[in-house]
Structures are given as C-alpha cells and as structure tokens.
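The values are calculated or read from the model by the stated rules, or taken from the named source; none is laboratory data. No experiment lies behind these values; they were computed from the predicted model shown. Because the Cβ atoms are built from the backbone with ideal geometry, glycine has one as well, and the counts that use them run over all protein chains shown. Side chains included, ligands, DNA and RNA excluded: accessible areas come from the protein's heavy atoms. Shrake-Rupley method; radii C 1.70, N 1.55, O 1.52, S 1.80 Å.
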Amino acid sequence: MKKKLPIGIDDFCKIRTEGFYYVDKTAMIRDLLNAWGEVNLFTRPRRFGKSLNMSMLKSFLELGCDKSLFEGLEISRETKLCDKYMGKFPVISISLKSVDGADYESARSGMCSEIGREALRFSFLLESDRLTEMDKEMYKKLVNVAPEHLDYFNMSDDVLKGSLSVLSDLLQKHYGKKVIILIDEYDVPLAKANEEKHYPQMVKLVRGIFDQALKSNDSLYFAVLTGCLRVSKESIFTGLNNPQIFSISTVGFDEYFGFTDAEVKAMLEYYGFMDRYELTRDWYDGYRFGNTDVYCPWDVISYCAELRLDPQARPKAYWSNTSGNDAVRHFIEKSNKTANTKREIEALVAGETVEKIIREDLTYHNLYDEIENIWSVLFMTGYLTQRKKPDGKKYELAIPNREIREIFTDQITDMFQKVVKANTSRLTEFGEALKSGDAAKVEKLFTSYLYDSITVRDSNVQNDKKEILYHGEMIGILVNIEGWDSKTNANAGAADQREALWNDRLQPAAERERGGNTRDGYSDVMVKIEEEDIGIIIEFKYARNARFDAECKDAMAQIDRMNYTSELKHEGFHTIYKYGIACFKKRCKVVCEKEEYNQGEAY
C-alpha cells in the first residue's frame, strides 16, 4: 500500500510515524550546525516547507528525541554530529502564523496565547528543585490564564516582552543546558498589523520580545527563525550581533525549501504518475533559490493527491488559492500609472525577463509605497523568480511557471474590467459604433482600449492562438454593455482560452504546423441585441508584420466561407454586421459589412 500524502501536515513526527510520504530534507540540520550562527533567519515564500523544517529541527534537537524518527534519513549518516546534538537541548518552539488579529489588542492576545501554551509544556518547572520560589513565580506569570477565558493568557507588556528570555533562563537552570529557540513565521503579526493599521504598536512589541530573547539572552544556545520577508534590521533585529540571513537569493540551504527536479521525479514514479511529469513541471517548477531550481512542494503534493483520486485530473492553482495574492493586485493597480511598467508586465507574461534592483530589507510599512518596492516583494514572496546569476542587486526576473502566470492574467483581467466600467461614456460610444457599422470609430476606440490595457500576449504561440488574446479583450468590453448577449468562441471563457494558449505553447512546432486552426466553425465573437434586432459577428486575425489589410480581408472571407452568420439568420435577426479585425501589438484595423434581411428571407 502506498504511503499517504501529507497535505497540510507540517508535524515531522506525525509524518514519520503515521505512514506519510516524506522528502528527506534532514541534511539541512547538518549544514545549519556546521555553518553556525547564533541567530539564523530563513526567508521563503509561503507553502515551501518552512514549518515542516522547523518541526524537523525541534524533533532532532529536543531532549527526549525519538531517534527512530531519523533512521534511514540523510542526517543519520552524520554519526559524530548526531552524538553531539541529537536530543541534547531544551527547545522553545513557537509559531506566530495565527497571531493575525484585526486590531492590536486581539493580536497581542494571540501572542500571549502562543507563548503561554508553549510555556505550559514545561509545567514541571513548578516542581523543579533547581528553581527558586521567585523563579517559579516568574513562570506562573507566563501561564497566567484569565478566569473568564481559559484559553486567554494574561501577561503584562513587561512579562510578554521578556517571556521567551525568562522561559529560556528557567529551562537552563532546570536542565543545566542552554536553550534553542525556534520561531516560525515570525513576520505574520507584522504583515497583518500593516493591513489592519496597528503596525507601529506591533513592531514595538515584536522588537521588545526579540531584543530580550535573541540579543541579551545568556541562556540562548542558538535560534532559528522563518518568515516570508526579511524585515529590515533597523525595524526588528536592532542590535543583534550579525544574524545569519538565508534568503531566496542565498547560495546555501537553497535545496531544503521546495522540491528539486529529482525529488519530484521520485515522487511521481513512486505513485505511478511519471506520465504527468512534463505537465507537473510546466505548472509548478521554475523557482530558483540560490543556485537551485525548485518546485513548489504544496502544489506537487496536492496534485499527486488529486491524481490518486482521479488519474485524469488536470493541474490546478493550489498554491495561489491559499492567499489573496495581494502583492500582484497592488502591482497591477500601480502599473496603471506608468506605461513602462505596463510594458514590463506584458514582457513577463509573455515569458520574457525584466531586470530590476531588488531590496531584501524592506519593512512591511513601506512594501507598497512605490512600484520599485513591489518588484522586491513579488520576488521575495514567490510571484517572480530569478534567472541567471544576479549582478549585485540587479536581478533578471521572470514569472516562474504556468500557475503564477495565471495569477497575473486573472489580475490583469480584473483590472481591465475596472477600467472599462469606469469610463461609461467611452463604453456607450463603442457600443453605438459597433451596432451601427461605424468601422472607423470601432477601430479608434478599440485601439484606445488596447493602449489602456496590459496586453496578455505570448510570443511563443502560433498566430491563430494570438488572436484569442484580442477577442478576449473584446469580450471583456462587450460583457459590460447592458442588454447585449455577447459570446466568444462558442462560449469559451477566459480560462478555456488560456488553456488553449498554453497547450499550444507546449506543443511541438511540427505538431502545430500539422494541427491547423482548431476553431473553424465558430466565430471569435457573436453578439445578439434582441431589442434592436441586430446581430454582430467579429472575426480576429493576428497581423504579423503589420499586414492589416490582408488579414482583414482574410477575416471577412472566413466569415462567409464558414457561414458564421447562420445562427443569427436562423434566429431571425434582420440586421447583421460582419467585422474583420486585424491586430498587431496595440494597433488594429477594422472593416465591416452589413447584411439585411426582410421577414422570413433569411430562412
């Protein structure tokens, strides 16, 4: 029987004892202990294995370690290191991922509860003969539960700020050993505080806790922290003695967060899904941490789990659905103010790279202040990745894979809809021009929409698929005109259009040449205006090398050859406008012909 897949499980002990598949990352323990730093910070995007690695460290280092958990894993080969470190330390381990209150008081309460629950693990300290009565009174303050709320730990500000330092001091006195502190998702309280407008208060609190626990703490052996962003030293880590920071650009520890290609192949082979390797790679590979290319582990595990239920399952956007993708939304919104940024986004979506200076020491308070900062945020949070080796702070940035590309295209589509709806006079004028056959005005207004939008293009697809990009923009305009029944390519939605685009992009050139146009039989866009007895047929062509006239002529000929007006005639529309539109980059040419039928004449 195959092992279970650990979806959403970040408990190392549970994975190793209850029959879950585990990708061996225990060599990280060796490298961490050999590199040695008193305070170590690992920054990675969400869902890349940070919490599981912290659980692994706790399981290895903590007193009472179950050594069988590591049998057969890579760290077990390091016998001298295991003898020196395995199961030798008291460990304080907290996760701040749930400290996300909507106001400062609720967030502060969450911090008290997280630290208080961890302190409760060491209730034996109250019976320790190595602690004084004063020591025990200090411990009681850490686990002081409010009578009216048994899950609420009531600490004063001074007690809360000194909580980790005090707890480590008490543990050292009891065990006679220095303490290891693990803090997972250290920056979640800061991110939430920034959203909810209590950032200055939260920064002061977190700085106070870290200052006492990580700087002036004689009981500390070493500490490890994880988070999505490296918050500026001046903001949080003031005064720490050279903390080691291992970010996504650091060479070293790069293979321990995310799955390597070899690890993904091994998993797919184990479950019998090697036929899905190329698809898995296209959707979930493409990240580059340091010198290593990695996949998003959350995606790979989720897709394998779905394949076990349905062997025909297609990949989905598992990672992107775990967040609101605010960074991309802010980016798209701000790009509307600068033409250069629009062009850069178009290049990224087309699979190209953009060179940018990356700042890894931002604070949450200024993440979205300016467009230059957002480039850094997108890079550090996994929406963009690096290509080639950086030149100092200059990075060649790219969208990692298909999943992330779809996040961008969805946000671009949403933004375009807002632009269309905001200018009602232009929308009305465009509708009037279309239903009256005014080709010149349609051309002028559609060109203006193209210039206003971020064009989702892809230089690697064949020309007849590039047309989809343009009639996608057209339908994005028409659906906002009240009373119009607008359909594109036999009702194919935006997701279906992107599916066709991407499948064509992956298709070998020889197959593309043999395949021909798979959309014959349906017009690109059909509009029915019932109240005015008007039907509209629109056929797009991609005007490579700006061959506008020839492509417009071809579009009109295709409408007649394929009899695209037949449905409108059959339904009795008396006035039908046929449009041929040729597009190249942000330019277009429009031609139009009108057909009129008397009652019963069409059929």
Restraint check, 14/140; 316/541; 418/444; 466/589; 435/541; 84/140, Cα-Cα greater than 23 Å: 14/140; 316/541; 84/140
Peptides ranked, highest mean first, by Cβ atoms within 10 Å: ranges 473-479, 420-426, 44-50, 537-543: 537-543, 44-50, 473-479, 420-426
Computed [θ] at 222 nm, helices only, for the chain once each DSSP H run of length n ≥ 4 contributes -39500 (n - 2.57): -13500 deg cm²/dmol
For segment 214-349, accessible area per residue (1.4 Å probe, heavy atoms of protein chains only), Å²: 39
Gain in span if fully extended, residue 14 to residue 447, counting 0.36 nm per residue against the direct Cα distance: 150.0 nm
Spin-label pair residue 144/residue 68, simplified geometry with 7 Å Cα→Cβ offset, distance in nm: 4.3
Extension gain, residue 105 back to residue 313 (0.36 nm per residue minus Cα-Cα distance, nm): 70.4 nm
Segment 354-409, accessible area per residue, ligands and nucleic acids excluded (1.4 Å, Å²): 38
The chain - percent of accessible surface contributed by carbon and sulfur, probe 1.4 Å: 47
³J(HN,Hα), Karplus 6.51/-1.76/1.60, whole Hz, each residue of segment 102-113, x for Gly, Pro: 6, 9, 4, 4, 5, 5, 4, 4, x, 5, 4, 5
Relative contact order of the chain, defined on C-alpha pairs under 8 angstrom at six or more residues apart (%): 10
Spacing of the two label points (7 Å from each Cα toward its C-beta) at residue 3 and residue 133, in nm: 5.3
Amide H within-cut-off set for residue 584, under 5 Å, with H built and near neighbours excluded: 543
Those lysines that a straight Cα-Cα span of less than 21 Å connects to residue 136, excepting residues fewer than 8 apart in one chain: 161, 173, 177, 178
Paramagnetic reach from residue 333 (point 7 Å along Cα→Cβ, amide N under 12 Å) across segment 397-441: 415
Structure-derived Cα Rg over 2.2 N^0.38 Å: which label, when the choices are [x] 0.93; [y] 1.19; [z] 1.12: [y]
Per-q log10 I(q)/I(0), segment 75-233, q = 0.10, 0.11, 0.12, 0.20 Å⁻¹ (Debye; single scatterer per alpha-carbon; no solvent): -0.38, -0.46, -0.54, -1.30
Alpha carbon Rg of segment 552-603, scaled by the compact-globule rule 2.2 N^0.38 Å: 1.31
Placed amide H near residue 289: partners under 5 Å, 5+ positions off or other chain: 294
Heavy-atom surface of segment 64-136, accessible at 1.4 Å and reported per residue (Å²): 51
